[in-house]
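To keep things clear, I will list the structure first and then write my remarks on it.
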Amino acid sequence: MDALFDSINVRDLLSAHDLSDPTTPLSAPDLRLLIQRLESHSLQIKAKIQSYIISHHQDFSNLFSISNDAVSRSDRISGDVSNLLSTISDRPIDAEISDTVKEMNAKMQQVRAKRELLDLVKVIVEINEKLMAAKEALRCKRLRFAAEELRDLKKALGTCNGGDHQVDEGEPVVYGLLRKEWYDCFDEIQEVLLKFMAKAVRFDQESNAVRVEYFLSDGGIARVELRTVLEALDVIGILDYGLAKVADLLIKYVISPAVNYKSPVSFIEELVQDSEELTGAILKIVPLSVSKVENEGETIYSGIIQTIKFVCKSICLGNGSWIQSFGRLTWPRISNLIISNFLSKVVPQDASKLADFQKIIEHTSEFESALKEITYISKSDNKDNRLCDYAENVEVHFASRKKTEILANARKLLLRCDFSIPQEYAKNDRVAVNTSEHVQLLFLSERCVVSKAALQLMELVHQTLKDVCLSSTRVALEFYHAARDVILLYEVVIPVKLERQLDGINQVAVLMHNDCLYLSQEILGLAYEYRPDFPCSIKEHAVFVDLSPRFHVMAEQILQRQIQLVIYNLKEAIDSADGFQNTHLNHAYESSKFSIDQVIFILEKVHIIWEPLLMPSTYRRSMSMVLESVFSRITRDILLIDDMAAEETLQLQRLIHLMLENLSSLLASLAAIDQTENLQECMTQTLDDLIPSLCKMRRLAELLDMPLKSITAAWESGDLLSSGFTIKEVQDFIKAIFADSPLRKECLWRLENASF
């Protein structure tokens, strides 16, 4: 049958030549031929189908019979289901079954709830019985049993030490009541155990001894062993709390005296026996007859070890867990006491004695090893090596202490120094004076006077840097920082200490300027002097040059502040002259003369203060600035007078001559620096170069009594121009002195048309 259903290929029914072009339409003959062939092919298929059916007639009959039987069975099943559904709908048994199941579930829940309630009641009764048993055991001094019961109940009730007994949401109220009972019982047993511990370990001040009792009583017949008390404390988890007061007592009365190396003590142990039973132990503290022993470290450590072994044997009763607990409570405090009262006090004061400290390091290491052997401190926890860590870092502690001492000494000498000037300098004789305060600056070919504070400070710095060269790396680094801090202390302390003096014109401010300049120069030389001998590890980090500019700037600021103060005072003195006008009048002349006297007084005062203390070049430069401000101001005021009488010009000339005459010694001192000091700068600059207004003032004094033609000739020759006069100043000066006339007009015209 498969061949019948194969697809029919129309191309096979046509002639071969018709297939050459698929797009060509078929002709009518071709279509008729195609129809005929399709009909013939259809008849063949029908014949084959009929033949196949006839040959398989029996198979088709069996197939139709099986299909008929299946349909019949399906009809019977459908009928049965219909009958069952009709029966169920007539009698609702499913509802009865559902009610029965619900009733059974309800009964089962009731049974389950009653069973759980019964179990809860059993648990509550059991807990209550245990609580009653714990209380009864506590009354009978069965402390270990009572503690174990409370420990078990603690888990059952979900309590914690120090907690509350509130009822949680959804929890039976009776649990809150039971928890309250547990806390009450816990507080009671805790109080009892702590009382027993207080009785077990006592310090007798009369005999100066620690007494330990192994059998304890609260006044009743029953006795309680110390071991039982400790076990009970351990069971309920408050062993640390129970041992805390014992630890406080031992540290206060035993350990503290033991670490006081200035008053050494020894310890004597005694056992107390009643008949043949050991009932207690005693540790007596006996002061040594000598005030100082040879080997302080060994004596202190042996005493502490003896005390701790006594505690381990007589109080902790050899129990390793209890010993460790006592160690955790006391070791941090004991180690701090040993460090503060002993190790820190015996750190060498001199670097040469650091090697002697090695014995103390060895004793310290042996001491901690002995404590580890008895499990007082942990062998694995490096945090317990407190003493060895401190002792092995003795160099750092030595350097730290030394640094503190250096800074304290530096601060003390800075605060103690009063910046007073030696009597020799009051004579104002620079050449004759040669004291320790008259120092030569390193990088300048001049000398100046500095304070004792600056000299002593630099001596301290030099000594510290010498120690740097001889010390180990860690010590050298601390000393290096100490040297820098000592220098910086001057910057911090002195400006605050001398704040008031800096607001006035005085020798203290000049000394401070010199100090800063001196320190700046000395700092520059420190690296050249000491750095080659520094330990290799700090050579690259040791720097001083950064400090020098700070002091140089400070010195210049102080000097400029002094100069400005002087100039301000001189300006106020000159202002009182009211521009030197009308000096032909008596009161105006006296006022101007008083102003000039004030100026001379201020300048002489500054000369007396500055000249013996400052470097020659600094004095020359600073005084020249001050004189320039004075001469330029007076010259300007006189030239601004718009009308001068003949007598007025003579009075002004007299005032100028008076001032120059009184300042002759000051000017001579400035000029004399060229001969007394080997200064290249001074050799290239004359007094007229430093004080341009001096020449102008002298020329002005001459102009005040010169005839008009002479003044004109002086301008035409360039003499007045070289003295600092301008054409407008000369013209105004002529107009102020000489009345209007053809001669004045001619001279003014000549001034305008003069060529140089």
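The values are calculated or read from the model by the stated rules, or taken from the named source; none is laboratory data. As the structure is a computational prediction, the values presented were derived from the model and not from experiment. Glycine also receives a Cβ, built like all others from the backbone with ideal geometry; neighbour counts cover every protein chain displayed. The accessibility values were calculated without ligands, DNA or RNA, using every heavy atom of the protein model including side chains. Shrake-Rupley method; radii C 1.70, N 1.55, O 1.52, S 1.80 Å.
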In this structure, the FRET efficiency calculated for Asp389 and Glu499 from their beta-carbon separation, with R0 = 30 Å, to the nearest 0.05, is 0.10
Report, in degrees rounded to the nearest 10, the 0 to 90 angle that the Cα long axis of helix 296-310 makes with the longest principal axis of the chain.
30
Relative contact order for the range 706-756: what is it in percent, counting Cα pairs under 8 Å that are at least 6 residues apart?
56
Through the Karplus equation 6.51 cos²θ - 1.76 cosθ + 1.60, θ set to phi - 60°, convert the phi angles of the range 268-284 into ³J(HN,Hα) values in whole Hz; use x for Gly and Pro.
10, 9, 9, 9, 10, 10, 10, 6, 10, 9, 7, 10, x, 8, 10, 10, 8
Could you pull out every residue, at least 5 positions away or on a different chain, whose amide H is within less than 5 Å of the one on Cys448? Hs are placed 1.01 Å off N in the peptide plane, and Pro or chain starts have none.
Val439, Leu441
Under the 0.36 nm per residue contour assumption, what length would be gained going from the current alpha-carbon distance of Leu444 and Gln349 to full extension?
30.4 nm
At 25 °C and 0.890 mPa s, what whole-number value in µm²/s does Stokes-Einstein give for the translational diffusion of the range 302-360, with Rh from the Kirkwood sum over Cα pairs?
182
How far is helix 57-90 tilted off the main Cα axis of the chain, in degrees rounded to 10, range 0 to 90?
80
Of the convex hull enclosing the alpha-carbon atoms of the range 700-756, the direction-averaged projected area in nm² is 3.4
Please give the length that would be gained between Asp642 and Glu191 if that part of the chain were fully extended, namely 0.36 nm times their separation in residues minus their C-alpha to C-alpha distance (nm, one decimal).
151.5 nm
With every protein chain left in place, what is the accessible area per residue of the chain in square angstrom, probe 1.4 Å?
55
Mind checking which lysines have their C-alpha under 20 Å from Lys412, skipping anything on the same chain fewer than 8 residues away?
Lys402, Lys403, Lys452, Lys497
Any residue on another chain or 5+ positions along whose placed amide H is under 5 Å from the amide H of Thr279 is listed here as Val272, Gln273, Asp274
Compute the distance in nm between two label points, each set 7 Å from the Cα along the Cα-to-Cβ direction, one at Lys46 and one at Val173.
10.3
Report D for the range 601-733 in µm² per second (integer): Stokes-Einstein, Kirkwood Rh on Cα pairs, 10 °C, 1.306 mPa s.
99
How would Met625, Met197, Met104 rank on accessible area, largest to smallest, probe 1.4 Å?
Met104, Met625, Met197
Read through the labelled values (1) 1.24; (2) 0.94; (3) 2.17 and report the label of the one computed as Cα Rg over 2.2 N^0.38 Å from the structure.
(3)
Using heavy-atom solvent-accessible surface (probe 1.4 Å) with all chains present, what is the largest-first order of Leu63, Leu283?
Leu63, Leu283
Once all protein chains are kept in place, His41 shows an accessible area at probe 1.4 Å, nearest 10 Å², of 70
Of Arg500, Arg744, which has the most accessible area with a 1.4 Å probe, and how do the rest follow in descending order?
Arg500, Arg744
Relative contact order as a percentage, the range 193-284, C-alpha pairs under 8 Å and 6+ apart, gives 31
How large, in percent, is the carbon and sulfur part of the accessible surface of the chain at a probe radius of 1.4 Å?
53
I need the calculated FRET efficiency for the pair Asp533 and Glu362, taking r as the beta carbon distance and R₀ as 25 Å, to the nearest 0.05.
0.20
To the nearest 0.05, the calculated FRET efficiency linking Val71 and Val123 through their beta-carbon distance, R0 being 56 Å, is 0.20
Quote the charge dipole size of the chain about the Cα centre in Debye, to the nearest 20; the model charges only the Cβ of Lys and Arg (+1) and of Asp and Glu (-1).
1420
Provide, for q = 0.09, 0.16, 0.18, 0.22 Å⁻¹, the log10 of I(q)/I(0) from a solvent-free Debye sum over equal Cα point scatterers in the range 461-581.
-0.37, -0.79, -0.91, -1.13
Pop a pseudo-label 7 angstrom from the Cα along the beta-carbon direction at both Ser217 and Leu317 and give the gap in nm to one decimal.
1.9
Using only protein heavy atoms and a 1.4 Å probe, report how much of Lys114 is accessible, in Å² to the nearest 10.
140
Given points 7 Å out from each Cα along the Cα-Cβ axis, report the Leu85 to Ile608 separation in nanometres with one decimal.
14.0
Given backbone amide H placed at 1.01 Å from N, residues whose amide H is under 5 Å from that of Glu225, ignoring those fewer than 5 places away on the same chain, are Leu216
How much length is gained on full extension from Val286 to His56, taking 0.36 nm per residue of separation minus their Cα-Cα distance?
69.5 nm
So which lysines pass the test for Lys252, namely a Cα distance under 26 Å, with those fewer than 8 places away in the same chain ruled out?
Lys195, Lys199, Lys262, Lys284, Lys292, Lys309, Lys313, Lys345, Lys372, Lys383
As an exercise, identify the GluC sites (Glu not before Pro) in the range 538-587 lying in DSSP coil whose Cβ has no more than 10 other Cβ atoms within 10 Å.
Glu540
Probe 1.4 Å, all chains present, heavy atoms only: Arg333 accessible area in Å², nearest 10, is 100
Compute the long axis of helix 646-662 from its Cα atoms, compare it with the longest principal axis of the Cα atoms of the chain, and write down the angle in degrees, 0 to 90, nearest 10.
70
